[in-house]
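Peer 1: Before I ask anything, let me first share the structure, which is written out below as structure tokens.
The values are calculated or read from the model by the stated rules, or taken from the named source; none is laboratory data. These numbers come from a predicted model, not from an experiment. Virtual Cβ from ideal backbone geometry, glycine too; neighbours counted across all protein chains shown.
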Amino acid sequence: MANDREILREIWEGKLPVCFTLDPEEVYELQQPDPFYLMVPRLSYFPLVIDKVKKHFMRFTSNDKNDQDMWLEFDGQPLKWHCPIGVLFDLHVRSDNTQLALPWNITVHFYKFPEKQIFRFNSKDLVESYFLSSLKEADLLKHRSQVVGSMLKKDHTQLWLGLQNDKFDQFWAVNRKLMETIAEQDSFKHIPYRLYINDGYIQKLVRPICEGGRKKTLRDLLEETLPEQVFAGKVCTHGMFPPLDTPLQWMSEHLSYPDNFLHLCLVQP
């Protein structure tokens with residue numbers, strides 16, 4: 001893996017200012033609660049950062065709803081907790097190169113959980129399980145599971161705690177193993193990625209190197225993922241629009257989220 005450690009740290013330290021507001025129809029008290037402002041890591045998941053938000057708003061709702069699952073909504077869309085926060089922002093808000101209006105305004109709900117649109121998250125253990133499952137899937141694509149398979153339980157725990165506690169060095173001390181090529185290969189077997197279009201995503205088996213030895217680029221990935229479409233838009237990840245000639249192997253090593261997937265949001269013109 002290339003030693004562009006500064007890039008890795010810049011990606012890790014990316015944060016978003018969020019303004020959480022309780023749905024006015026769910027306010028049980030006479031007084032409307034103040035909004036709750038929070039800086040959240042792009043690479044994290046909402047269930048890991050909203051404990052203070054829930055505590056702030058619970059006392060303003062009906063007591064019989066305090067044991068209900070809290071859920072978040074933006075612009076009429078429930079936010080899927082299993083997607084990293086940065087992906088949700090890029091998918092729902094980041095649509096062009098113009099200056100964005102921040103903070104990100106998100107509505108908090110305790111009533112009418114949208115069962116058909118999002119999964120429930122009853123504990124952080126569930127988030128951890130989902131995260132590690134994605135990590136193992138990424139390693140299967142990159143290394144045929146050889147790296148994760150050789151790790152100890154403490155390595156998995158260190159990865160999770162590094163992400164949960166926002167500790168760059170703790171996380172990357174283990175994650176660097178997942179970003180290295182194995183044996184005599186100069187690249188991964190396949191690139192773990194998800195290309196988000198509207199409210200869903202596509203992922204296919206894409207190798208980072210052509211048969212002739214040429215390094216594939218982001219443009220190649222789009223052409224293989226969307227072979228029947230004429231791509232005229234842009235791709236957003238981590239709030240930026242990488243050039244289409246960026247090598248896929250480099251992107252996978254440096255721009256992947258902690259689950260080791262490239263999360264790419266397709267922006268139509």
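Peer 1: Does Phe171 fit the bill of being assigned to a helix (DSSP H, G or I) and either within 30 Å of Ile50 (Cα to Cα) or more than 19 Å from the chain's Cα centre (by Cα) (or both)?
Peer 2: Answer is yes for this residue.
Peer 1: On to the next question. Does the range 209-222 hold any residues that are surrounded by 15 or more Cβ atoms within 10 Å (Cβ to Cβ) and either assigned to a helix (DSSP H, G or I) or not charged (D, E, K, R) (or both), and which are they?
Peer 2: Passing the criteria: Ile209, Thr217, Leu218, Arg219, Asp220, Leu221, Leu222.
Peer 1: All but one of (1) of a type outside the set (Lys, Arg); (2) touching a Cys at 6+ places or on another chain (Cβ under 7 Å); (3) outside any strand (DSSP E or B) hold for Asn105; state the number of the condition that does not hold.
Peer 2: In the conditions (1) of a type outside the set (Lys, Arg); (2) touching a Cys at 6+ places or on another chain (Cβ under 7 Å); (3) outside any strand (DSSP E or B), Asn105 misses (3) alone.
Peer 1: Give the residues of the range 50-73 that are closer than 29 Å to Asn198 by Cβ, in contact with a helix residue (DSSP H, G or I) (Cβ under 8 Å, 6 or more places away or on another chain) and modelled with pLDDT under 95, sorted by residue number.
Peer 2: Within the range 50-73, just Met70 meets the criteria.
Peer 1: Six or more apart or on different chains, Cβ atoms under 7 Å: show the pairs whose first residue is in the range 106-118 and touching a residue at least 40 places away in the same chain (Cβ under 8 Å) and more than 9 Å from Pro78 (Cβ to Cβ) and whose second is of a type in the set (Val, Ile, Thr) and part of a strand (DSSP E or B).
Peer 2: Between residues of the range 106-118 that are touching a residue at least 40 places away in the same chain (Cβ under 8 Å) and more than 9 Å from Pro78 (Cβ to Cβ) and residues that are of a type in the set (Val, Ile, Thr) and part of a strand (DSSP E or B), the close pairs are Ile106/Val18; Thr107/Thr21; Val108/Thr21.
Peer 1: For the range 176-224, how many residues meet the condition of being within 22 Å of Trp12 (Cα to Cα) and touching a strand residue (DSSP E or B) at 6+ places or on another chain (Cβ under 6 Å)?
Peer 2: The qualifying residues number 4.
Peer 1: Could I ask something else about it? Kindly evaluate Leu30 against the criterion of being within 16 Å of the chain's Cα centre (by Cα) and either at pLDDT below 95 or not in a loop (DSSP other than H, G, I, E, B) (or both).
Peer 2: In short, no.
Listed here are the residues, each with its yes/no results for (1) crowded, with 16+ Cβ neighbours inside 10 Å; (2) closer than 25 Å to Trp12 by Cα; (3) over 16 Å from the mean Cα position of the chain (by Cα); (4) β-branched (Val, Ile, Thr).
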site: Gln77; (1), (2), (3), (4): no, no, yes, no
site: Leu88; (1), (2), (3), (4): yes, yes, no, no
site: Leu100; (1), (2), (3), (4): no, yes, yes, no
site: Val127; (1), (2), (3), (4): yes, yes, no, yes
site: Tyr130; (1), (2), (3), (4): yes, yes, no, no
site: Leu140; (1), (2), (3), (4): yes, yes, yes, no
site: Gln146; (1), (2), (3), (4): no, no, yes, no
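Peer 1: For the range 182-189, does any single residue satisfy the condition of being part of a strand (DSSP E or B), at pLDDT 95 or above, at negative phi and of a type outside the set (A, V, I, L, M)?
Peer 2: no
Peer 1: Which members of the range 243-266 meet the condition of being outside any helix (DSSP H, G or I), buried (at least 18 other Cβ atoms within 10 Å of the Cβ) and on the phi < 0 side of the Ramachandran plot?
Peer 2: Leu255, Ser256, Tyr257, Pro258, Asp259, Phe261, Leu262, His263, Leu264, Cys265, Leu266
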